[in-house]
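This report concerns only the one structure given below.
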Amino acid sequence: MTVLICGGAGYIGSHAVRALRAQGREVVVLDNLLTGHRQSLPADVPFVEGDMRDPALLDAVFGRYAVDGVLHFAASSLVGESMQLPLAYFSNNVHGMQTLLEAMVRHGVARIVFSSSAAVYGEPDSVPITEDAPLRPGNPYGESKRIMESMMRWAAVAHGLRYVSLRYFNVGGAVADGSIGEDHRPESHLIPLILQVPLGRRPHIIINGDDYDTPDGTCIRDYVGVEDLIEAHVLALRHLEAGGESAVFNLGSEQGFSVRQMVDAARRVTGHPLPVVMGGRRPGDPARLVASSRRVGRVLGWRPRQSVEEIIASAWRWHSSHPDGFGA
Ligand code: UFG
């Protein structure tokens with residue numbers, strides 16, 4: 001049986017493809033390559049280039065491959081861009097989920113593991129954030145993920161689907177051998193931006209504000225390594241295959257690191273002095289996002305293993321061996 005990996009050519013999806021194939025699973029990747037990279041996938045992986053919003057394409061994929069489960073990574077995922085282009089975000093993310101779920105129902109595929117986000121919570125009342133915290137997304141990206149979760153919930157009630165929704169906190173790092181990794185264009189995430197300094201691609205890292213109510217004044221986030229994150233997807237798929245109930249889980253380390261602490265960790269990993277320049281706050285940034293991951297530990301037995309330094313070190317192996325990412 002085959003796992004359909006939607007968005008399998010993206011940063012996180014491509015790591016999932018590797019992990020599932022390493023376990024001997026059959027996979028097929030669907031990706032429109034708007035932000036994904038064909039080069040992030042082994043040449044022999046079954047690959048369909050196209051858009052999830054095309055029902056005929058989904059029929060062709062489900063008709064050709066014996067799909068019995070879906071990992072859904074395909075989405076637009078930049079918070080700032082979503083504020084500029086909310087309708088494009090609802091189209092790609094929400095409409096994409098609708099056509100996918102409709103096709104799953106048509107073809108009798110009943111299991112889906114979904115990439116959700118801490119962005120569904122917005123600014124939390126307190127940390128660590130549990131899955132029962134109020135959902136108050138502060139931008140169209142987070143809102144789209146909240147709606148996508150609801151769509152799965154109601155499709156489960158009506159059509160007997162079962163799903164696991166994984167709410168990622170801050171994902172970073174790369175596969176241990178550094179052969180694939182993060183390549184966003186333009187780059188917007190903290191760890192790759194920090195590492196552009198020792199790569200000689202930028203003179204300094206700008207810290208987005210040091211007047212937050214945190215010990216060193218900079219924002220605190222909960223970083224989880226991409227390999228640990230993928231392990232949670234494998235466990236979630238097995239949970240559904242074993243007849244487990246639908247569930248929503250946070251994926252984080254339960255530990256917060258400030259932007260300054262991340263820069264310090266990158267200094268230790270790279271040996272570079274990493275100059276910083278203080279900038280203003282980035283609109284919409286919550287001061288602290290730290291997960292409670294107790295539920296996923298209890299139900300799936302998942303525990304992240306990678307420390308922040310290991311996450312940065314794996315990212316550094318990727319970026320220093322591929323300074324231009326996947327190339328032009
Ligand atoms: N930051 C800097 N300088 C930079 C880049 C980032 O100081 O050059 C700061 C940000 O302001 C933030 C922290 O580093 O305080 C982390 O920023 P990222 O952009 O790496 O990540 P976010 O926490 O903003 O976003 C992440 C995911 C989103 C998800 C969000 C949930 O990347 O997809 O968490 O709130 F929506």
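Summary table
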read-out: J(HN,Hα) series, the stretch 260-273, from Karplus relation 6.51 cos²θ - 1.76 cosθ + 1.60, nearest Hz, glycine and proline x; value: 4, 5, 5, 5, 4, 4, 5, 4, 5, 5, 9, x, 9, x
read-out: Amide H within-cut-off set for Val224, under 5 Å, with H built and near neighbours excluded; value: Asn170, Val171, Gly172
read-out: Whole-Å semi-axes of the ellipsoid equivalent to the stretch 148-238 (Cα gyration tensor, √5λ, descending); value: 33, 19, 12
read-out: Compactness relative to 2.2 N^0.38 Å, alpha carbon Rg of the stretch 78-148; value: 1.25
read-out: Cut-off under 5 Å, modelled amide H: who pairs with Glu26 long-range; value: Val3
read-out: Solvent-free Debye scattering, log10 I(q)/I(0), computed from the Cα coordinates of the stretch 206-286 at q = 0.11, 0.19, 0.23, 0.27 Å⁻¹; value: -0.46, -0.90, -1.10, -1.28
read-out: For the stretch 59-215, convex hull volume per residue from C-alpha positions, Å³; value: 171
read-out: Note, ³J(HN,Hα) from phi for the stretch 196-206, Karplus 6.51, -1.76, 1.60, rounded to Hz, x at Gly and Pro; value: 5, 6, x, 6, x, 8, 8, x, 7, 9, 8
read-out: Cα-Cα pairs of the stretch 257-328 separated by more than 15 Å (percent); value: 70
read-out: Karplus 3J(HN,Hα) series, Hz, for the stretch 119-135 with 6.51 cos²θ - 1.76 cosθ + 1.60 (x for Gly, Pro); value: 4, 5, 7, x, 7, x, 6, 7, 10, x, 8, 9, 5, 8, 4, x, 9
read-out: For Ala291, distant residues with modelled amide H under 5 Å away; value: Ile129, Ser253, Glu254, Gln255
read-out: Largest to smallest principal axis extent of the C-alpha atoms in the stretch 158-298, angstrom; value: 53, 37, 25
read-out: Fraction of the pair-distance distribution of the stretch 1-43 above 15 Å, Cα-Cα pairs, percent; value: 29
read-out: Highest average packing first - 155-167, 114-126, Cβ atoms within 10 Å; value: 114-126, 155-167
read-out: Projected-area mean, the chain, by convex hull of Cα positions, square nanometres; value: 15.5
read-out: For the stretch 130-172, the spread of Cα positions along each principal axis, largest first, Å; value: 32, 21, 19
read-out: Accessible area (Å², per residue) of the chain, counting only protein heavy atoms and a probe of 1.4 Å; value: 43
read-out: Cα-based Rg / Dmax (Å) for the stretch 188-250; value: 18.2, 52
read-out: Diffusion coefficient, µm² s⁻¹, Stokes-Einstein with Kirkwood Rh over alpha-carbon pairs of the stretch 1-124 at 25 °C and 0.890 mPa s; value: 165
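The values are calculated or read from the model by the stated rules, or taken from the named source; none is laboratory data. The model shown is predicted, which means the values in this text are computed figures rather than measured ones. Glycine also receives a Cβ, built like all others from the backbone with ideal geometry; neighbour counts cover every protein chain displayed. Just so you know, the surface numbers come from the protein's heavy atoms only, side chains and all, with ligands and any DNA or RNA stripped out. Shrake-Rupley method; radii C 1.70, N 1.55, O 1.52, S 1.80 Å.
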